[in-house]
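Participant: Quick one: the structure is below, and I'll ask about it shortly.
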Amino acid sequence: MIAFTSGAAEKLRELRGADPARAYLRLYVAGRSCSGYQYGLAFDSSTDGTDEVVEAAGIPVAIDEQSRPYCDGATIEYVDEAEYPGGGFRVTNPRLEAGGSCGGSCSCGR
């Protein structure tokens, strides 16, 4: 369903540690814009009855029911580039169309 690059898995294990408040990594869709789906990541101590829990690289990932269809096929990578000063995570999903929700009518030039 989802995959981590080796760098992302290593960084997530480091951040998660043994803290029970960080038992799960929550992956969710935070919105959709001209550049496509925007994903969010957060640690969570629990899940609810509607979450799907998958394991990737030994990390339990909780995905809520509404986000699930948009997370299937996603890859999470850790990047340390100019756009992520100090490092950050990027979620990509080639399964989903690259375009956003504007249908070409917004000022983004699509």
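The values are calculated or read from the model by the stated rules, or taken from the named source; none is laboratory data. Note that the structure is predicted; figures quoted are calculated from it, not measured. FYI the Cβ positions are ideal-geometry reconstructions off the backbone, even for glycines, and counts take in every protein chain you see. All accessible areas refer to the heavy atoms of the entire protein, side chains included, with ligands and DNA or RNA removed. Shrake-Rupley method; radii C 1.70, N 1.55, O 1.52, S 1.80 Å.
Participant: Let me understand the chain better: what is its radius of gyration from the alpha carbons, and its Dmax, in angstrom?
Facilitator: Calculated on Cα positions, Rg and Dmax stand at 14.8, 47 Å.
Participant: Next question. Longest span of the chain, sites excluded, free of GluC sites (Glu not before Pro) in DSSP loop with at most 14 other C-beta atoms within 10 Å? If you can, show how the numbers build up before the last one.
Facilitator: On the way: sites that count: 65, 81, 83, 97.
Here the longest segment lacking exposed loop sites spans 1-64.
Participant: Note down the Stokes-Einstein diffusion coefficient of the stretch 27-70 in µm²/s, whole number, using a Kirkwood radius over alpha carbon pairs, 20 °C, and 1.002 mPa s. Please list the in-between numbers first.
Facilitator: Values: Rh = 11.3 Å.
My calculation gives 190 µm²/s for D.
Participant: Tilt of helix 6-16 relative to the longest C-alpha principal axis of the chain, in degrees (0 to 90, nearest 10)?
Facilitator: 60
Participant: So what is the relative contact order for the chain, in percent, with contacts set as C-alpha pairs under 8 Å and at least six apart?
Facilitator: On the way: 191 pairs, mean separation 33.7, N = 110.
Normalised by residue count, the contact order of the chain is 31 percent.
Participant: Dipole of the chain, Cα-centred, from +1 at each Lys and Arg C-beta and -1 at each Asp and Glu C-beta, to the nearest 20 debye? Numbers along the way, then the final one.
Facilitator: On the way: 10 positive and 16 negative charges, 51 e Å.
My answer is approximately 240 debye.
Participant: Which of the listed residues, 53, 94, 42, is farthest toward the dipole's positive end in the chain, when Lys, Arg count +1 and Asp, Glu count -1 at the beta-carbon?
Facilitator: 94
Participant: Of the peptides 44-51, 19-26, how do they stack up when ordered by the mean number of other Cβ atoms within 10 Å, highest first? Please report the intermediate quantities before stating the final value.
Facilitator: Values: 44-51: 11.6, 19-26: 14.5.
By packing density, highest mean first, the sequence is 19-26, 44-51.
Participant: Can I ask one more? Roll a 1.4 Å probe over the protein chains and send me the accessible area per residue for the stretch 1-46 in Å².
Facilitator: 54
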